[in-house]
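Each reported figure results from applying straightforward, stated rules to the coordinates on display, with no laboratory input. Every value quoted in this text rests on a predicted model; they were computed, and no experiment measured them. FYI the Cβ positions are ideal-geometry reconstructions off the backbone, even for glycines, and counts take in every protein chain you see.
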Amino acid sequence: MTTLRAESVSRTFEGRGGAVHAVAGVSLEVHAGELLVVTGRSGAGKTTLLNLLGGLDRPTGGRVLLGDQDLSTLDDDALATVRRDRVGYVFQSFGLIPVLSAAENVEVPLRLQRMPPAARDARVAEVLDLVGLGAHAAQRPYELSGGQQQRVGIARALAAEPQVLLADEPTGQLDSGTAANVMDLIVELVHAHGVAAVVTTHDPLLVRRADRLIELHDGAVTLSAPAPTGT
């Protein structure tokens, strides 16, 4: 079953020097339980593509479908509901709220869903345990390592049980060992929980952890293939 599909999606911005084609006619499919890795140099359009797939931005051409729902036909309120309930985001900069504890950061999307307090507390504890941080629930971001902060970000992204996980350079600020551990966690969660995931990365060492790979160049797909294996 296809969970997420882009059909000839484009995004053009008007700049002082004329039109900038950040994404140019990209088509892709991501299935439940599959990890798609998107590579490409800086400026290739990776982040813009993620924003389009997750409904953070609207395409100027083509369409994005989540299940059988065409995101381009939704008004702003309906699109916000889709982002809240069906899509989880993981950011390179972690994106945690500094004054909140790990548990309180994870709790944010559940509060937006107005989940009852008891159920909310149980779900927060569950996902923190899932990422190996159950014992760190009360700590604030500055008390955690970079890898631990990113694990909190992943727990927050998964708290509302999304169908799709979008991760923009999730290991970009981590050392190689910690980056490998975080990527292993993402792979495990995707396969075990049937989430459709799209992860952007510059790191060729992380590409082999994918189920499938696409490469962008100037906003267009130049490679679409199974990920290479081996060391």
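Structure notes:
- Net +/- balance of residues flanking Glu215 in space, Cβ distance below 11 Å, scoring K and R +1, D and E -1: +2
- Scanning residues 5 or more positions from Ala227 or on other chains, those with amide H under 5 Å from its amide H are Arg212, Leu213, with H placed 1.01 Å from N in the peptide plane.
- Phi angles of the stretch 212-218 translate, via the Karplus equation with coefficients 6.51, -1.76, 1.60 and θ = phi - 60°, into HN-Hα couplings of 8, 10, 10, 10, 9, 9, 6 Hz per residue; Gly and Pro are given as x.
- Of Arg84, Arg151, the sequence from fewest to most neighbouring Cβ atoms within 10 angstrom is Arg84, Arg151.
- Counting DSSP beta bridges with both ends in the chain, the antiparallel % (nearest 5): 55
- Annotation: amide H of Ala220 within the under-5 Å range of Ala24, sequence separation 5 or more or interchain, hydrogens built in the peptide plane.
- Debye intensity ratio I(q)/I(0), log10, the stretch 136-231, q values 0.24 Å⁻¹ (C-alpha model): -1.39
- In the stretch 164-228, trypsin sites (Lys or Arg not before Pro) in a DSSP loop with at most 14 other beta-carbon atoms within 10 Å: Arg208
- Using distinct alpha-carbon pairs, which all enter the 1/r mean, Kirkwood radius of the stretch 40-127 in Å: 15.1
- Built amide H within the under 5 Å cut-off of Val20, gap 5+: Phe13, Glu14, Gly15
- Between His217 and Leu112, the modelled label-to-label distance comes to 3.7 nm, taking each label 7 Å out from Cα in the direction of the beta carbon.
- Globularity index of the chain is 1.00 (Cα radius of gyration / 2.2 N^0.38 Å, N = number of residues).
- Here the extension length gained between Leu205 and Asp121 equals 26.6 nm, from 0.36 nm per residue of separation less the Cα-Cα distance.
- The slack between Asp76 and Asn181, meaning 0.36 nm per residue of separation minus the straight C-alpha distance, is 34.1 nm.
- Cα-based helix-to-principal-axis angle, 176-193 vs the chain, degrees rounded to 10: 90
- Simple spin-label estimate for Asp68 and Ser27 in nanometres, 7 Å along Cα-Cβ: 2.2
- Near His21, once Lys and Arg are set to +1 and Asp and Glu to -1 for all other residues with Cβ below 12 Å from its Cβ, the sum equals -1.
- Between Ile97 and Thr60, the contour length at 0.36 nm per residue exceeds the Cα-Cα span by 10.1 nm.
- Whole-Å distance, taken between Cα centres, linking the stretch 1-30 and the stretch 34-94: 10
- Looking at the stretch 104-231, the DSSP beta bridges with both ends there are about 55 percent antiparallel.
- Separation in nanometres of the label points that stand 7 Å from Cα toward Cβ, at Ser145 and Ala225: 3.5
- Derived scalar couplings ³J(HN,Hα) [the stretch 91-106; Karplus, 6.51 cos²θ - 1.76 cosθ + 1.60; whole Hz; x for Gly, Pro]: 10, 4, 8, 6, x, 7, 8, x, 7, 9, 6, 4, 4, 5, 5, 5
- Rounded D (µm²/s) - the stretch 1-96, Kirkwood Rh over Cα pairs, Stokes-Einstein at 10 °C, 1.306 mPa s: 112
- When only Cα pairs below 8 angstrom with a gap of at least 6 residues are kept, the chain shows a relative contact order of 29 percent.
- Proxy reagent accessibility, fewest Cβ within 10 Å first, across Thr12, Thr48, Thr3: Thr12, Thr3, Thr48
- Residues in the stretch 114-123 carry Karplus couplings, in order, of 6, 5, x, x, 5, 5, 5, 4, 5, 5 Hz; the curve used is 6.51 cos²θ - 1.76 cosθ + 1.60 with θ = phi - 60°, and Gly or Pro positions show x.
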